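Worksheet: one structure, shown below.
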Amino acid sequence: MRWYVRGLLSEVERKNGWTLAEAAGDAGPEGMQRLLNFYAWDTDGLRDDIRAAVVESIGDAENGVLVVDETGFLKKGTKSAGVGRQYSGTAGRIENSQIGVFLAYASPRGRALIDRELYLPKDWTDDRERCRAAGIGDEVRFATK
């Protein structure tokens, strides 16, 4: 897990099983792929724990603010969840990309990301088979950013 997180935070340009494994010194991507595909992750629980830690460590009722922003992740393929030709601020134009919407907390004592959501274009949420193939549950519906 430590090497996976270090890889995500590294300067590696493309973050996939192969490149993260190489950054960790592994001969192949199998270990990273196993970590990502077969282990249960409680991402919402982790998010809640991080949010609580942020409030405890840098919370400031008078001066704290929430910051909402989106960012684009440029992609080459068509299989990644939510990928499509859409406006990406990262590129400054319409590109094949995924869009993430992020919530940060900032105060004079520090700043931290406390939530995230992958934006799914309507053509994705209307195509249940495509969503299932990408691991997106049937309960997910279209929502504007």
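A short reminder: the numbers here are calculations on the coordinates, not readings from a lab. The shown structure was predicted, so the numbers you read here are calculated from the model rather than taken from an experiment. No Cβ is skipped: glycine too gets one built from the backbone with ideal geometry, and neighbour counts run over all protein chains shown.
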(request) Answer yes if at least one residue in region 54-66 is charged (D, E, K, R) and within 22 Å of Val5 (Cβ to Cβ), and no otherwise. (result) yes
(request) Can you give me the number of residues within region 32-88 that are in contact (Cβ under 8 Å) with a residue 60 or more places away in the chain and not acidic (Asp, Glu)? (result) 4
(request) State all residues of region 13-25 that are part of a helix (DSSP H, G or I) and touching a Gly at 6+ places or on another chain (Cβ under 7 Å); if no residue qualifies, say none. (result) Leu20, Ala21, Ala23, Ala24
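So which residues in region 106-142 are under 30 Å from Ala61 (Cβ atoms), more than 17 Å from the chain's Cα centre (by Cα) and not polar (S, T, N, Q)? Before you say what the answer is, go through the steps one by one.
First, pick out the residues of region 106-142 that are under 30 Å from Ala61 (Cβ atoms): 106-117.
Retained after the next criterion (residues that are more than 17 Å from the chain's Cα centre (by Cα)): 106-111.
Of everything in region 106-142, those that are under 30 Å from Ala61 (Cβ atoms), more than 17 Å from the chain's Cα centre (by Cα) and not polar (S, T, N, Q) turn out to be Ala106, Pro108, Arg109, Gly110, Arg111.
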(message) Take the residues in region 110-130 that are surrounded by fewer than 16 Cβ atoms within 10 Å (Cβ to Cβ) and touching a Leu at 6+ places or on another chain (Cβ under 9 Å); name whichever of them is farthest from Val54 (Cα to Cα).
(response) Glu117
(request) Identify the residue in region 58-99 that is surrounded by fewer than 15 Cβ atoms within 10 Å (Cβ to Cβ) and in contact with a Gly (Cβ under 7 Å, 6 or more places away or on another chain) and, among all such residues, is nearest to Gly110 (Cα to Cα). (result) Thr71
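Can you name every one of the strands (runs of 3 or more DSSP E) wholly within region 26-145 that holds 3 or more residues which are in contact with a helix residue (DSSP H, G or I) (Cβ under 9 Å, 6 or more places away or on another chain) and among the β-branched types (Val, Ile, Thr)? Steps first, please.
On the way: elements: 65-74, 84-88, 93-107, 110-119.
By residue number, no strands (runs of 3 or more DSSP E) qualify.
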(request) Of the numbered conditions (1) closer than 21 Å to Val140 by Cβ; (2) out of contact with any Gly (no Cβ under 6 Å at 6 or more places or on another chain); (3) surrounded by 10 or more Cβ atoms within 10 Å (Cβ to Cβ); (4) among the polar types (S, T, N, Q), Ser10 fails exactly one; give the number of that condition. (result) (1)
